[in-house]
Amino acid sequence: ELVRLQPHAPLLLSKGAFLAADEAVEVSTSTQRTVGGALFSGSGLFVLRASGQGTLALAAHGAIMSYTLEPGEVRAVDNGHLVGWTEGMPLEMRLAGGAGRGSLLSTAFSSAASGEGLMCFF
């Protein structure tokens, strides 16, 4: 997947997602902003940060779907399928079952019963 980077919108990339970039794109490392994101997002404590203006080639196991979230809109992504997100996007890790509704015990039971685990919520 080819992505055009915008000058003031760096992308954070999960491990294995970076394939190649134009020489105008600066690639560095960054740390996750939350402990939950670092431990459970599947990306680890360190992620790649791509910034600048140019084209970035991303790799994934299957098709890549891109979303532009409207204010108040929430998307859930399985932590094993997360490829990248803009640096300013808040990331929250939660159990998949119930999507955060109800008690922790009922949410954990729903996740365990359905086979779902942790999800990344943006």
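The values are calculated or read from the model by the stated rules, or taken from the named source; none is laboratory data. What you see is a predicted model, and the numbers here were worked out from it, not measured in a lab. Cβ placement follows ideal geometry from the backbone for every residue including glycine, while neighbour counts extend to all protein chains displayed. The accessibility values were calculated without ligands, DNA or RNA, using every heavy atom of the protein model including side chains. Shrake-Rupley method; radii C 1.70, N 1.55, O 1.52, S 1.80 Å.
When segment 35-55 is examined, which residues are found to be under 13 Å from Trp85 (Cβ atoms) and at pLDDT 90 or above?
Passing the criteria: Arg49, Ala50.
Just one of (1) surrounded by 14 or more Cβ atoms within 10 Å (Cβ to Cβ); (2) within 13 Å of the chain's Cα centre (by Cα); (3) at pLDDT below 85 trips up Pro90, so point out which.
Only one criterion is unmet by Pro90, namely (1).
Among Thr68, Thr29, which is the only one that is assigned to a strand (DSSP E or B) and modelled with pLDDT of 75 or more? It would help to see each step written out before you state the result.
Values: Thr68 fails: assigned to a strand (DSSP E or B).
Answer to the selection: Thr29.
Search segment 46-65 for residues being open to solvent by 90 Å² or more (accessible area, probe 1.4 Å) and either assigned to a loop (DSSP other than H, G, I, E, B) or of a type in the set (S, T, N, Q) (or both), and hand back the single one that is nearest to Asp22 (Cα to Cα).
Gln53
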